[in-house]
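Visitor: Starting off with a structure, shown below.
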Amino acid sequence: MKNKLNKELVIRLLKYRRILNQLKNLGFEKVFSNNLGDAIGVAPALVRKDFSLLVLGGNKRGGYNIDYLSEQLNRILGKTREQKIIILGMGKIGTAIAQYKGFLQGDFEVAAGFDVRPIELPAEMTTPVLPVDDLPAYAADNGIEVAILAVPEEVATECHKILKDAGIKGILNFTPVELKTTQNCIIHNINIGVEIENLFFQVIKNGLPLNLELAESEGDEEDPE
């Protein structure tokens with residue numbers, strides 16, 4: 001099963017799951033591939049291919065049972081066990097992430113935040129913030145496997161080591177430092193600056209001629225005598 005689950009497929013499965021939960025809350029019992037495809041922006045044929053690959057029952061005419069699909073996707077995606085995360089670095093980014101309501105749609109929660117100094121928390125924030133020295137024991141006692149790293153650049157490497165030594169197996173890295181995945185710890189680097197630069201490039205690229213070299217060469221040609 002693991003060999004089938006590349007990153008693109010996993011992301012689609014997570015999106016399907018969220019749509020299924022929304023439909024279930026609205027009282028629907030069946031869903032069709034075109035409904036799911038329209039909701040996440042892919043072709044219905046790809047939805048059917050994904051479910052066929054994972055041997056999930058249903059068909060084009062009869063549709064898919066929402067309860068069955070939800071149960072199977074929860075099993076495939078590891079949603080059958082409690083999922084809690086911690087945040088190391090409770091400055092502006094860490095505090096904002098801790099208050100993000102979208103986490104509830106993924107059925108996981110921020111269990112605690114950690115920082116080297118006392119933090120003045122927003123009045124509406126309920127996530128506890130603890131000293132960094134308490135992190136290893138907290139992670140062990142609460143079975144924490146995933147963390148968000150949101151510390152200043154100059155301490156990113158040191159804090160990365162703290163998380164790995166505490167047994168953290170997955171880190172979502174919001175620092176500008178490019179951290180490396182190891183055998184025991186998966187890193188997802190989220191460099192906001194790079195993402196914005198890439199977005200600017202995509203916008204500019206979409207406004208350029210399809211064949212820049214041809215356009216430039218045509219502009220350089222001399223008029224015939």
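Nothing in this text is a laboratory measurement; each read-out follows from the coordinates by a stated rule. Treat the numbers as computed from the prediction; the structure is a model and nothing was measured. Quick reminder, even Gly has a Cβ in these numbers, built from the backbone with ideal geometry, and neighbours come from all protein chains shown.
Visitor: Restricting the count to DSSP beta bridges whose residues both fall in the chain, what percent are antiparallel, rounded to a multiple of 5?
Guide: On the way: 3 of 23 bridges.
In the chain, DSSP labels about 15 percent of beta bridges as antiparallel.
Visitor: By its C-alpha gyration tensor, with a ≥ b ≥ c as the square roots of the eigenvalues, how is the chain shaped: rounded for a/c under 1.5, else prolate for a/b larger than b/c, else oblate? Numbers along the way, then the final one.
Guide: On the way: a/c = 2.22, a/b = 1.13, b/c = 1.95.
Oblate shape, in that a/c is at least 1.5 and b/c is the bigger or equal ratio.
Visitor: So, one more: Comparing GLN99, GLN202, GLN72, which has the greatest mean-square fluctuation in the GNM of the chain with Cα pairs linked when under 10 Å apart?
Guide: In the Gaussian network model the winner is GLN202.
Visitor: Please arrange SER33, SER70, SER52 by how many other C-beta atoms lie within 10 Å of their C-beta, fewest to most. Intermediate values should be presented prior to the final figure.
Guide: Details: SER33 22, SER70 19, SER52 12.
Exposure proxy ranking, most exposed first: SER52, SER70, SER33.
Visitor: Right, something else. Within the chain, which is the longest segment that contains none of the trypsin sites (Lys or Arg not before Pro) sitting in a DSSP loop with at most 15 other Cβ atoms within 10 Å?
Guide: Here the longest segment lacking exposed loop sites spans 82-168.
Visitor: Can you tell me the length gained on complete extension of the stretch VAL10 to LYS84, counting 0.36 nm per residue apart and subtracting the Cα distance?
Guide: Working: separation 74, 0.36 × 74 = 26.64 nm, distance 1.92 nm.
Between VAL10 and LYS84, full extension yields 24.7 nm more.
Visitor: For region 65-191, just say rounded, prolate or oblate: build the C-alpha gyration tensor, square-root its eigenvalues into a ≥ b ≥ c, call rounded for a/c under 1.5, and beyond that prolate if a/b exceeds b/c, oblate if not. Walk me through the numbers on the way to the answer.
Guide: Working: a/c = 1.82, a/b = 1.40, b/c = 1.30.
Verdict is prolate for region 65-191.
Visitor: Same structure, new question: Using the Karplus curve 6.51 cos²θ - 1.76 cosθ + 1.60 with θ = phi - 60°, work out ³J(HN,Hα) for each residue of region 131-138 in order, rounded to whole Hz, and write x for Gly and Pro.
Guide: For region 131-138, the Karplus curve yields x, 4, 4, 7, 4, x, 5, 5 Hz.
Visitor: Go ahead and set up a Gaussian network model of the chain, Cα springs under 10 Å, then flag whichever of GLY193, GLY94, GLY143 fluctuates most.
Guide: GLY193
Visitor: Which of the GluC sites (Glu not before Pro) found in region 63-124 are loop residues per DSSP with 12 or fewer other Cβ atoms within 10 Å of their Cβ? Before the final figure, lay out the partial values.
Guide: Numbers: sites: GLU71, GLU82, GLU109, GLU120, GLU124; in loops: GLU82, GLU120, GLU124.
Hits after loop and neighbour filter: GLU82, GLU120, GLU124.
Visitor: Something else about it: Run the simple label-point estimate for ALA43 and PHE201 please: 7 Å along Cα→C-beta, distance reported in nm.
Guide: For the pair ALA43/PHE201, the computed spacing is 2.8 nm.
Visitor: Specify whether the C-alpha gyration tensor of region 2-76 places it in the rounded, prolate or oblate class, a ≥ b ≥ c being the square roots of the eigenvalues: rounded for a/c under 1.5, otherwise prolate if a/b is larger than b/c and oblate if not. Write out the running numbers ahead of the final one.
Guide: Numbers: a/c = 1.42, a/b = 1.31, b/c = 1.08.
It is rounded, given that a/c, with a ≥ b ≥ c, falls under 1.5.
Visitor: Run the count for region 84-194, please: Lys pairs, Cα-Cα under 18 angstrom, 8 or more apart or on different chains. Display every interim value, and only then the final one.
Guide: Details: LYS84/LYS101; LYS84/LYS164; LYS84/LYS169; LYS92/LYS101; LYS161/LYS169; LYS161/LYS180; LYS164/LYS180; LYS169/LYS180.
Here the count comes out as 8.
Visitor: Taking the simple approach of a point 7 Å from Cα along Cα-to-Cβ for both PHE28 and ALA137, what is their distance in nm?
Guide: Once both label points are built, they end up 4.9 nm from each other.
Visitor: Continuing with this model, one more query. Using the Cα atoms of region 169-211 to build a convex hull, what is its mean projected area in square nanometres?
Guide: On the way: hull surface 16.7 nm².
The directionally averaged projection comes out at 4.2 nm².
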